[in-house]
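The values are calculated or read from the model by the stated rules, or taken from the named source; none is laboratory data. Quick caveat, the model's predicted, so the values are computed rather than measured. As a convention, Cβ positions derive from the backbone with ideal geometry for all residues, glycine included, and neighbour counts pool all protein chains shown. Surface areas here come from the heavy atoms of the whole protein model, side chains and all, with no ligands, DNA or RNA. Shrake-Rupley method; radii C 1.70, N 1.55, O 1.52, S 1.80 Å.
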Amino acid sequence: PCITQEVFVPNVFTPNGDGINDIFKFEYNYTLTNFELYIFNRWGNKVYDVTSKTGNIAWDGKNFKGVECPAGTYFYVIKASGKDGTEYEKKGNVSIFR
């Protein structure tokens, strides 16, 4: 099933170091667990991924090497498991403004 009301994902963040909206993170229903987050650039290349059993995952706008990704639109895939064993997935895009 698709994650719909179980997860709220913002569509913009501004990792510019001002302490406001610097991290891409999402809110989720606490019946979900075992999260995976994948971030892809506009060419479909994976620039970041992270997993967590608790859902406390976020992206700071940097790639695997710790280099800031340029401003633009990126695509995410979020996968999670329900505590009942149901698998969920949500896809979308997020823009970085610097």
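Things worth noting here:
- Among the residues of this structure, Gly82 does not count as one that is farther than 27 Å from Gly17 by Cβ and open to solvent by 20 Å² or more (accessible area, probe 1.4 Å).
- Of all residues making up region 15-37, the number that are touching a residue at least 40 places away in the same chain (Cβ under 8 Å), surrounded by 15 or more Cβ atoms within 10 Å (Cβ to Cβ) and either more than 14 Å from Glu89 (Cα to Cα) or of a type outside the set (Asp, Glu) (or both): 9
- Taking the criterion of being under 11 Å from the mean Cα position of the chain (by Cα) and either modelled with pLDDT of 95 or more or among the aromatic types (Phe, Trp, Tyr) (or both), the residues of region 52-90 that qualify are Trp59, Asp60, Gly61, Tyr74, Phe75, Tyr76, Val77.
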